[in-house]
Structure formats: structure tokens, C-alpha cells
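Take a look at the structure below.
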Amino acid sequence: MPSDAGADYRLRDDETTDPESTALPSAAGREHRLIPDDDSRHFVIKLYIAGRVARSVLAMVNLKKICETHLAGRYRIETIDIREHPDVAQRDQIIAVPTLVIERPAGGTRIVGDLSNTKRVLAVLVSLDT
């Protein structure tokens with residue numbers, strides 16, 4: 001297991017996503033892909049957002065694109081809208097949105113931002129992939 005498991009990563013939002021992408025992510029709280037809970041090779045990812053504001057939608061689109069491209073068949077995303085579930089945000093100590101939490105294999109690694117800096121997101125995912 002990497003020595004930085006559980007570490008927080010803050011990303012700059014200085015890259016943009018594909019401007020031709022018009023795909024909208026699923027509704028908050030809906031899982032994008034189901035995987036067996038006992039498969040340690042799969043990523044279990046939670047994305048905390050605040051409604052359908054631009055940064056939240058951008059984070060959802062960017063995350064789905066990254067996962068489909070680089071983790072195809074090896075991930076599960078759960079999107080949690082903190083406006084609808086403030087108790088979950090408090091319990092999970094979410095203080096900024098959008099926040100991505102990689103539950104497995106990282107044990108709580110966090111990335112804060114809209115995930116538009118794909119290279120940095122991939123660097124974190126690669127460091128966690130065993």
C-alpha cells in the first residue's frame with residue numbers, strides 16, 4: 001500500500017475538459033457502475049457535489065471521462081449531493097465541493113476541485129493502483 005494512503009490532494013482548475021463532450025452524468029446519489037464489493041482491484045469512488053452548479057457538473061463529467069478511459073470496468077462512482085444530504089457531508093468531513101474521495105484502494109484519499117487537470121488526477125490514481 002502506498003505511503004500516502006489517506007492523503008489529501010488539492011488540484012488547480014487550470015485545464016479544461018473536452019468542449020465537444022455533451023454527455024451529462026447521472027443524477028446525484030446514483031451509482032455509475034456496479035462492481036463486487038470484495039474485488040480489491042476496483043476503485044470505489046465518492047464524489048461530493050453541491051447541486052447542479054457548473055463546477056459540480058464539470059467534476060462529474062470529468063470523473064466519468066477519466067474512469068471510462070483509464071479504469072474501464074474497474075470502478076464504482078457514488079455521487080453525493082451535500083445539499084440533499086448535509087448529514088453525510090458532516091459525517092464524512094467534507095468542507096469543500098466538489099471533493100472526490102477514493103475509498104478503495106486508497107482508504108480515503110481526497111482530491112478537491114473540478115477534476116479538469118486530468119494529468120494530476122491520473123497521477124493520483126496510478127499511485128494507488130496496485
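Computed from the coordinates by the stated procedures, all read-outs in this text should not be read as laboratory data. Note that the structure is predicted; figures quoted are calculated from it, not measured. Here the Cβ is made from the backbone with ideal geometry for all residues, glycine too, and neighbour counts use every protein chain on show.
With r defined as the distance between the Cβ atoms of residue 129 and residue 69 and R0 fixed at 22 Å, what FRET efficiency is calculated, to the nearest 0.05?
Working: r = 14 Å, r/R0 = 0.64.
In this case the efficiency is close to 0.95.
Here the residues 58, 100, 122, ranked from fewest to most Cβ neighbours within 10 Å of their Cβ, fall in the order 122, 58, 100. Remark: the residue 122-residue 55 segment gains 22.2 nm on full extension, using 0.36 nm per residue and subtracting the alpha carbon distance.
How do 95, 80, 49 rank when sorted from fewest to most other Cβ atoms within 10 Å of their own Cβ?
Numbers: 95 9, 80 19, 49 26.
Fewest-to-most Cβ neighbours within 10 Å comes out as 95, 80, 49.
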